[in-house]
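Encoded as structure tokens, the structure appears first; notes follow it.
The values are calculated or read from the model by the stated rules, or taken from the named source; none is laboratory data. Values in this document were obtained by computation on a predicted structure and should not be read as measured data. Backbone-built Cβ (ideal geometry, glycine too); neighbour counts: all protein chains shown.
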Amino acid sequence: MPVMGKRMSWVVWSLLALAALGLLLRNVLAIPVLAPLDPNEGWNAAHALSLTTRGALYPPPGSLMVNNYPPLSFYVVTALTRLTGDTVIAGRLLSLLSFLLVCAAIALICRQMACGTRARLYAMLFFAAVLLIGSDYVAMDDPQLLGHALQLGGLLLLLRKRIFLAGTVFAISLFVKHNLVALPLAASIWLLWRDRRAGLQLLLCGGASAALGLLLFHHAYGTALLPLLSSPRLVSWANVRHAASQLWWAVLPLGFLAAANHPWKDFCRIYAVGSLAIGLVFSAGDGVDTNAFFDLALACCLAVGLDVEHGRNPAFASLCAAPLPLFLALHFHDNNFFFTHDFRAQSARDIIFLKSRSGPALCDQLSLCLWAGKGAQVDVFNAGEQIKTGARDPSALASMIAARHFAVVQLQELDAMGPVIHTAITENYRLHHGDDNGNFLVPARRAP
């Protein structure tokens, strides 16, 4: 590599390392802060709390709370809550640990692929930067990263020819987060291509383990898991177009991967194409976030590491990394807004306000309600999607709102649950205040 190219590469990766370390430190410091980073936090915490309060992890049909996630992460968070004393904080801590395990697994997998220290470091750094700059999932209460950590452990076992154990781990990961199908699928296709017998063994073990898990779930909860996972939601091409527009960080790695000639190019291509296609399919649904493309980020980071080690021009990897610090510089405020002192102060005031209202609350930021001592009453997103798709009759909830059952309502968007609920809210509640946590409404005075 020419001297100028080496210097530019050193500058790019140094900037990326500084940015990633700074953002990671920011996220670690935010773990104990009682401010909502994402609606997922309160939703996951509410269901984990149902285990500690001996409630139903999977509410009965017709309930205003909906659980469309597999069960394992809730049990892990519940166990950690005994250490932290707060379910949201326990989920954040689990997410941080999972993120660190994912980074470590990337390094170990790259070593199995004959990558040196520099290539392993760059692969880890690329993945960490994509997540820290392009998402809010690192140290956020959500099971996505725990599922990825398990799956990368399964891939590492597969590369070490522990096929039966790898299939079992892949199956277990699907009971943490059910959208993690890209890596098991890519690994199976790649292994079938290289060694049909080994590929069939992987499929047989993984399929048998998944089937056993479904049977155990039915025995434990008295219902089938798969129908619970398919809670209705609206889908649209607009969602897909928006998701595709956020994949700027993947353009160059995918381009270089198409022309790659290293020994692991086939696996990386299968993984990248599969994860991109599956991510785009999932992104059609309302409420699907950037986590749908974390498998694509993993495929790209492996491609970056392999290019550094085996590519003809290692400077290509630097070109892949260069847009990340530039994007962060241009969008610094948006990336850091939820960690500012002002937002923390707002959240503290909002929690005090919610606590001051005697009675149940309807919140789409369930973490605020939980911190205020309010139980989770309504799953605003999933119940709203069921109403919008016609799978749920809105009249029962509309009647509760008309009767002013809720002492306070907190919503980011008043029309989040469709026009019937929107009308019921506007006719029976008045705005008390609004801030970055949304609109806070209280019952309106009845007309004389």
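Tell me, yes or no, whether the stretch 417-432 has at least one residue that is assigned to a loop (DSSP other than H, G, I, E, B) and closer than 29 Å to SER230 by Cβ. Before the answer, list the steps.
Within the stretch 417-432, the first condition is being assigned to a loop (DSSP other than H, G, I, E, B), and the residues that meet it are 417-418.
Checking which are closer than 29 Å to SER230 by Cβ leaves us with 417-418.
Within the stretch 417-432 (the criterion being assigned to a loop (DSSP other than H, G, I, E, B) and closer than 29 Å to SER230 by Cβ), the answer is yes, since at least one residue qualifies.
Looking at the stretch 365-390, which of its residues are under 25 Å from the mean Cα position of the chain (by Cα) and either assigned by TED's automatic domain parsing to the domain that holds GLY85 or farther than 30 Å from THR84 by Cβ (or both)?
Passing the criteria: GLY384, GLU385, GLN386, ILE387, LYS388, THR389.
Out of (1) under 20 Å from GLY373 (Cβ atoms); (2) at pLDDT below 95, the odd one out for GLY42 is which?
Result: GLY42 fails condition (2) only.
Pairs, please: C-beta under 6 Å, at least 6 apart or cross-chain, first residue assigned by TED's automatic domain parsing to the domain that holds LEU183 and loosely packed, with under 15 Cβ neighbours inside 10 Å and in the stretch 97-120, second of a type outside the set (Val, Ile, Thr) and in a helix (DSSP H, G or I)?
GLN112/LEU159; GLY116/GLU309
LEU431 versus (1) in contact with a Lys or Arg (Cβ under 8 Å, 6 or more places away or on another chain); (2) without any contact (Cβ under 8 Å) to a residue 12 or more places away in the chain: which is the lone unmet condition?
(1)
Within the stretch 401-421, count every residue that is surrounded by 18 or more Cβ atoms within 10 Å (Cβ to Cβ) and without any contact (Cβ under 8 Å) to a residue 40 or more places away in the chain. Working first, answer last.
At the first step, the residues of the stretch 401-421 found to be surrounded by 18 or more Cβ atoms within 10 Å (Cβ to Cβ) are 401, 406, 408-411, 416-418, 421.
Right, trim to without any contact (Cβ under 8 Å) to a residue 40 or more places away in the chain and you get 401, 417-418, 421.
Of the residues in that region, 4 qualify.
Name the one entry in LEU200, LEU280, LEU229, LEU183 that is out of contact with any Leu (no Cβ under 6 Å at 6 or more places or on another chain), surrounded by 13 or more Cβ atoms within 10 Å (Cβ to Cβ) and free of Cβ contacts under 8 Å to residues at least 12 places away in the same chain.
The match here is LEU200.
Let me spell it out: the conditions are (1) outside any helix (DSSP H, G or I); (2) surrounded by 24 or more Cβ atoms within 10 Å (Cβ to Cβ); (3) charged (D, E, K, R), and ARG92 meets all of them except one. Which number is the exception?
Result: ARG92 fails condition (1) only.
One line per residue, one yes/no per condition, for (1) free of Cβ contacts under 8 Å to residues at least 40 places away in the same chain; (2) buried (at least 23 other Cβ atoms within 10 Å of the Cβ); (3) in a loop (DSSP other than H, G, I, E, B):
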position: LEU306; (1), (2), (3): no, yes, no
position: PRO325; (1), (2), (3): no, no, no
position: ALA329; (1), (2), (3): yes, no, no
position: ASP334; (1), (2), (3): yes, no, no
position: GLN346; (1), (2), (3): no, no, no
position: LYS355; (1), (2), (3): yes, no, no
position: LEU362; (1), (2), (3): no, yes, no
position: GLU385; (1), (2), (3): no, yes, no
position: ASP393; (1), (2), (3): yes, no, yes
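Being part of a helix (DSSP H, G or I) and of a type in the set (Lys, Arg) is true for just one of ARG241, ARG233. Which residue is that? Reasoning before the result, please.
Numbers: ARG233 fails: part of a helix (DSSP H, G or I).
Matching residue, one of ARG241, ARG233: ARG241.
Exactly one condition in (1) buried (at least 22 other Cβ atoms within 10 Å of the Cβ); (2) part of a helix (DSSP H, G or I); (3) basic (Lys, Arg) is not met by LYS374; state its number.
Among (1) buried (at least 22 other Cβ atoms within 10 Å of the Cβ); (2) part of a helix (DSSP H, G or I); (3) basic (Lys, Arg), the lone unmet condition for LYS374 is (2).
Take the stretch 255-278 and flag every residue that is charged (D, E, K, R) and touching a Phe, Trp or Tyr at 6+ places or on another chain (Cβ under 6 Å). Please lay out each step first, then the result.
Here is the first cut: in the stretch 255-278, the ones charged (D, E, K, R) are 265-266, 269.
Scanning the stretch 255-278 gives no hits.
Results for (1) surrounded by fewer than 17 Cβ atoms within 10 Å (Cβ to Cβ); (2) in contact with a Pro (Cβ under 6 Å, 6 or more places away or on another chain); (3) without any contact (Cβ under 8 Å) to a residue 40 or more places away in the chain, shown as yes or no for each residue.
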residue	(1), (2), (3)
MET8	yes, no, no
LEU25	yes, no, yes
PRO36	no, no, no
GLU41	no, no, no
GLY55	yes, no, yes
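Give me a count of the residues in the stretch 121-175 that are under 30 Å from SER9 (Cβ atoms), part of a helix (DSSP H, G or I) and either of a type outside the set (Phe, Trp, Tyr) or not assigned by TED's automatic domain parsing to the domain that holds ALA321 (or both). Walk me through how you get there before you give the answer.
We begin by selecting, within the stretch 121-175, every residue under 30 Å from SER9 (Cβ atoms); these are 121-139, 145, 148-149, 152, 155-156, 159.
Checking which are part of a helix (DSSP H, G or I) leaves us with 121-134, 145, 148-149, 152, 155-156, 159.
The next check asks that each one be either of a type outside the set (Phe, Trp, Tyr) or not assigned by TED's automatic domain parsing to the domain that holds ALA321 (or both); those that pass are 121, 123-125, 128-134, 145, 148-149, 152, 155-156, 159.
Of the residues in the stretch 121-175, 18 are under 30 Å from SER9 (Cβ atoms), part of a helix (DSSP H, G or I) and either of a type outside the set (Phe, Trp, Tyr) or not assigned by TED's automatic domain parsing to the domain that holds ALA321 (or both).
Can you spot a residue in the stretch 371-388 that is more than 22 Å from ALA45 (Cα to Cα) and not acidic (Asp, Glu)?
Pass one, the stretch 371-388, residues more than 22 Å from ALA45 (Cα to Cα): 387-388.
Still in the running and not acidic (Asp, Glu): 387-388.
Taking every residue of the stretch 371-388 in turn, at least one turns out to be more than 22 Å from ALA45 (Cα to Cα) and not acidic (Asp, Glu).
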